[in-house]
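**Q** Before anything else, here's the structure in question.
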Amino acid sequence: MRRVPLLILCLLALSGCASSSTWGWYVIDPTTSQGMTNIRFLIGGMGQTILISVIAAAISIFLGLVIALPALSERRGVRLINRIYVEFIRSIPLLPMLFWVFYGLPIVFKSMGLNVPIDPFWGAIITLALSDSAFTAEIYRAGIQSIARGQTEAAQTIGLNYVQTMRYVILPQAIRRILPPLANQFIYIVKMSAFASVIGMQELTRRANELVVTEYRPLEIYTLLILEYLVLVLIISAGVRWLERRMGSDERT
């Protein structure tokens, strides 16, 4: 990846302001040992941010599909299960949900006679996956319903059951259509992973907060933090555009 060289170039451009008494870009100046040490410390949290985002997104994609399928049922009671889950999860802000999962869920397990501690890593993953699964379920539902009903009828005509129809006929077409909104949800997860800092997760935002406490230069350090997230999102966006071309999701190609 080229994220580190790109960050270094941005910082070198900013370091020209370091001579001013108003600014303190020296704390992230890559030409000094202090600045380089701080940069390495901040970038060191990028691995954790990427890891929890990828795992949470994978769980959310699977869970979202499971939640979306009841919405396609002809039975009203089954569809109601989907609506209750989606509306309930979407109505909860991410931060209160994070606190509930991290501090409250172990108490729930304990009341059931189970000793299941939740560390910041898994607390962040569970929260992000749950919060995003409701949005992902709606994306799946819209994508599947956009496929012409004739496709399902044709699959049934040649003897495919429900599972086979979904696997071989409906989902491959739906995924091509929902790839862009799914990518947006992944970007959303990456950005919302910053909330994990409040429960002690050593990701990008947590490390930036710790460095601000020691260096007392919030503007400069948070500027670097924003650049780190910008680079991550640009890399994800480029990867998604490549995947769209490979899967034929881009109608222009």
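**Q** For the chain, what is the mean residue ellipticity at 222 nm derived from helices alone (per DSSP H run of n ≥ 4: -39500 (n - 2.57); sum divided by total residues; nearest 500 deg cm²/dmol)?
**A** The helix contribution divided over the chain gives -23000 deg cm²/dmol.
**Q** Also, I was wondering about something else. Simple spin-label model, 7 Å along Cα-to-Cβ: residue 233 to residue 214 in nm?
**A** 2.8
**Q** Also, quick follow-up: Enter the Cα centre distance for the pair segment 38-79 and segment 118-178, rounded to the nearest angstrom.
**A** Taking the Cα centre of each part, segment 38-79 and segment 118-178 sit 13 Å apart.
**Q** With everything on Cα atoms, drop me the angle between helix 3-14 and the longest principal axis of the chain, reported from 0 to 90° to the nearest 10.
**A** Here the helix axis deviates by roughly 40 degrees.
**Q** Averaging sequence separations of C-alpha pairs under 8 Å and six or more residues apart, then dividing by the length of segment 54-144, give the relative contact order as a whole percent.
**A** Averaging sequence separation for qualifying contacts and normalising by length gives 49 percent for segment 54-144.
**Q** Comparing 78, 190, 240, which has the greatest mean-square fluctuation in the GNM of the chain with Cα pairs linked when under 10 Å apart?
**A** 78
Laboratory data are not the source of any read-out in this text; all were calculated from the coordinates shown. Just so we're clear, the structure is a prediction, and the values are computed from it rather than from any experiment. For neighbour counting, all protein chains shown are included, and Cβ atoms are generated from backbone atoms with ideal geometry for every residue, glycine included.
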